[in-house]
Amino acid sequence: MPDFRFRHLGRRYRHLGHFRHLGQLRNLGRHRTHRSSKRLKKTLFGGGALVVLAGLNAPAAISFAGEKYHAYKIAQPSYQQRYGSWQVLDVPRQYRTNAIHAALLHTGKVLLIAGSGNKQEKFDKGTFDTVLWNPVDNTFKKIPTPVDFFCSGHSQLPDGRLLVAGGTARYEVLDGKVGKAGGGMRVKNENPDKAVTFKRGTRFRSPSGVEYVAKFDVHVPKAKKEFKVSYAKSGRMLPWRTKVTPGEARVFVEAAEAGPQALTTEAAQYEILGLKGKDADNLYGLAQKLTTEKQDFQGIKAAYEFDPVAEKYVRVDPMKEARWYPTLVGLDDGRVLAVSGLDDVGAVVAGDNEIYDPKTKKWSKGPTRYFPTYPALFLTKGGKLFYSGSNAGYGPADKGRQPGLWDIRTNKFTPVNGLADTDATETSSSLMLPPAQDQKVMVLGGGGVGESSRSTPRTGVVDLKKTGPAFQQGPNLPQGTRYLSSVLMPDDSVFTTGGSSDYRGRNASDIHKAQFYDTKTNAFRTAAEPTVGRDYHSEALLLPDGRVASFGSDPLYSDADNTKLGNFEQRVEIFTPPYLHGDRAKKENRPALGAGPEETDANGRATFKAAGANLIVKARLMRPSAVTHSTDVEQRSIALDLSTDRNSVTVGVPKDRTLVPPGWYMLFVTNAMGVPSEAKWIHVR
């Protein structure tokens, strides 16, 4: 660095002193302002600042000054009362993790699930992470993680446990990196008397003598035997006929040896090595396409419940289908529907959805319908599911992208039209707007299919109460945005933050902006800018104290030229909304709920002590988030009946479980200034 003297520095940079407004100076840097400050000017251009500026070129000096002014501006109480503030949480190194999934539990703690965290080396070592964070005292705890929950699905259960299902069986192998031919093998069992399990490493031999190796254990159910009765034209019963339907399971296989001899696109039957006699006749493999083309991620069937009291995973029956990138959505009766995902050979599940019953801990067949991975499905009044069109990326561009209402009882799907940029719903954000009684769903941003660089600022809102509902154009986001985090707030606003304009933050495209959507004015208003960029594999959720926590981000590159590989963002950043700044947020001015029940009575009512109860104007029941990949179908805000007297408030919860699914909720009350209380947890059965 050149050793400039102060006199030389003064000559070179003295033109900076001629700016009439600090806003002019700041516009040359990274940030803008419209106010001047003599005090700040003195700070920036005093002797200490000159020492720092020494040796820097003019653009760098101006940028530095702009950043210093921005830091000064956002720390001002007046700014924070209008826009809110951000703070990066100090997470001890041993608890930093690649937060792929985040779920708020009814204990008030946040479960951060990484699994292998999109790290092949951790997957190979079988090192899977889960961290439990307590926002009250910022303490952390590592949770033993039994399987790789990376890219699983999750849903809140009626008793407060979190269902986690699916995850990763195998990482993808890209084109040009596949060394041995591989693909899906269907293993058949024609024996009706016994099921068979083949261990990982079992070998299959083609008719030409090429051998392939099973990469996972595979359980093949026994065949089904049916007795069919038929009759002659005379009416005489003919002898019974027996029909045997082979049991079948899939497994991914890979050639034992590399080379072109293992490539095939022709259907063939494969001998299972080591079998003799009838077993050799009854058990065999079938495959059609074994190639060195790109091999996608593969899912697992495992399912667990996380117990928030014992703070551990509890194994339950596995799903029938393996799923990677599935959506789990809670139903009005407390059961959970699992939809889509990549299966155990890396293909999108063809439409074989299934339902989990928390009472029996078992899965059963659900309605059949195809969706791309991580589809955004919302339980609506009456029990139908609304598919917003939002999804996270696997599946063809022309299949399963149409928004619509899905009656899972009749399996009828009714398209809902009117959404602009329907070819850019991938990586968009969706949520049911507050209050849930309005039955309005909003779609925000999104991008083109796959690794497209396209993004859209479009938002759309649909009113599902209307006959023949259709999307209406909403206000645009500040710019085209993928991976946007959207969070329902206790004051009925929607807080949105982060995202990037390009696929996985390419070209340094992370968006350091945040805003509130106002449901009454149908407009956005600016919020404080976050420090940490968030794109793919990021999430945000509402905390019981009214703040918002944001986690994760998994950029492809760390520089604008896309030459340096990105690093997973392990910092946690907390947003404190404007309603928690200034005099209105002081303890004596903020509403507070006191003693009260943990669940509603038979009439859906609950009464709580509350000082200054007569100042409370509304109450909201808010379902805790379970979010991943911009997909959070759990969160919803329900307006409650409210009555007050001098020292207490009584709330009434709607009895309609299609509006209020059973489970634990945060209860917030808000005063006329829009300041919410801290939440009380209440159980709705």
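Here are some notes:
- Selected residue (criterion: modelled with the highest pLDDT) from residues of region 40-87 that are among the charged types (D, E, K, R) and over 19 Å from residue 583 (Cα atoms): 73
- Answer residue from region 559-598, given it is open to solvent by less than 40 Å² (accessible area, probe 1.4 Å) and among the charged types (D, E, K, R) and is farthest from residue 610 (Cα to Cα) among those: 559
- Among the candidates 619, 672, 606, 602, the residue that is of a type outside the set (D, E, K, R) and touching a Pro at 6+ places or on another chain (Cβ under 7 Å) is uniquely 606.
- Sole residue being touching a residue at least 40 places away in the same chain (Cβ under 8 Å) and surrounded by fewer than 24 Cβ atoms within 10 Å (Cβ to Cβ), chosen from 472, 515: 472
- Residue 450 passes every criterion in (1) over 19 Å from the mean Cα position of the chain (by Cα); (2) in a loop (DSSP other than H, G, I, E, B) apart from (1).
- Taken across region 191-208, residues that are open to solvent by 30 Å² or more (accessible area, probe 1.4 Å), in contact with a strand residue (DSSP E or B) (Cβ under 9 Å, 6 or more places away or on another chain) and at positive phi do occur, with at least one present.
- Scan of region 350-393 for residues that are open to solvent by 40 Å² or more (accessible area, probe 1.4 Å) and in contact with a Leu (Cβ under 8 Å, 6 or more places away or on another chain), ordered by number: 381, 384
- Region 393-439, subset charged (D, E, K, R) and assigned to a helix (DSSP H, G or I), residue nearest to the chain's Cα centre (by Cα): 423
- The single condition among (1) among the β-branched types (Val, Ile, Thr); (2) open to solvent by less than 10 Å² (accessible area, probe 1.4 Å); (3) within 30 Å of residue 617 (Cα to Cα); (4) touching a Lys or Arg at 6+ places or on another chain (Cβ under 8 Å) that residue 461 does not satisfy is (2).
- Top-ranked residue of region 152-176 - restricted to ones that are under 17 Å from residue 326 (Cβ atoms) and of a type in the set (A, V, I, L, M, F, W, C), ranked as most open to solvent (accessible area, probe 1.4 Å): 169
- Candidate set: region 209-223, residues that are aliphatic (A, V, I, L, M) and part of a strand (DSSP E or B); chosen: the one surrounded by the fewest Cβ atoms within 10 Å (Cβ to Cβ): 213
- Counting only strands (runs of 3 or more DSSP E) that sit wholly inside region 224-336, those with at least 2 residues that are open to solvent by 80 Å² or more (accessible area, probe 1.4 Å) are 224-228, 241-245, 268-272, 312-316.
- When residues in region 152-176 are screened for being under 22 Å from residue 347 (Cβ atoms), at pLDDT 95 or above and either of a type in the set (D, E, K, R) or in a strand (DSSP E or B) (or both), 7 of them pass.
- Taken together, the residues in region 136-151 that are open to solvent by 60 Å² or more (accessible area, probe 1.4 Å) and assigned to a loop (DSSP other than H, G, I, E, B) amount to 5.
- Filter result for residue 479 (modelled with pLDDT of 95 or more and assigned to a strand (DSSP E or B)): no
- Residue pairs whose Cβ atoms lie under 9 Å apart, sitting 6 or more positions apart in sequence or on different chains, and linking a residue in region 362-384 that is farther than 17 Å from residue 410 by Cα and free of Cβ contacts under 8 Å to residues at least 60 places away in the same chain to a partner that is hydroxyl-bearing (Ser, Thr, Tyr) and open to solvent by 40 Å² or more (accessible area, probe 1.4 Å), are 372/394; 373/394.
- Of the numbered criteria (1) touching a Lys or Arg at 6+ places or on another chain (Cβ under 6 Å); (2) of a type outside the set (Asp, Glu); (3) part of a loop (DSSP other than H, G, I, E, B), the one residue 184 fails is (3).
- Residue 607 passes every criterion in (1) over 26 Å from residue 329 (Cα atoms); (2) of a type in the set (Ser, Thr, Tyr); (3) outside any strand (DSSP E or B) apart from (3).
- Hits in region 243-269 (condition: within 21 Å of residue 169 (Cβ to Cβ) and touching a Leu at 6+ places or on another chain (Cβ under 8 Å)): 253, 255
- Among the conditions (1) under 30 Å from residue 327 (Cα atoms); (2) open to solvent by 30 Å² or more (accessible area, probe 1.4 Å); (3) touching a Phe, Trp or Tyr at 6+ places or on another chain (Cβ under 7 Å), residue 621 misses just one, which is (2).
- Any hit, region 646-669, residues being without any contact (Cβ under 8 Å) to a residue 60 or more places away in the chain, open to solvent by 40 Å² or more (accessible area, probe 1.4 Å), in a strand (DSSP E or B) and within 27 Å of residue 380 (Cα to Cα): no
- Residue in region 526-545 that is surrounded by fewer than 21 Cβ atoms within 10 Å (Cβ to Cβ), among the basic types (Lys, Arg) and modelled with pLDDT of 95 or more present: no
The values are calculated or read from the model by the stated rules, or taken from the named source; none is laboratory data. Note that the structure is a prediction, hence the values are computed from the model and not measured. Reconstructed Cβ throughout: ideal geometry from the backbone, glycine too, with neighbour counts over all protein chains shown. Heavy atoms of the whole protein, side chains included, go into the accessibility calculation; ligands, DNA and RNA do not. Shrake-Rupley method; radii C 1.70, N 1.55, O 1.52, S 1.80 Å.
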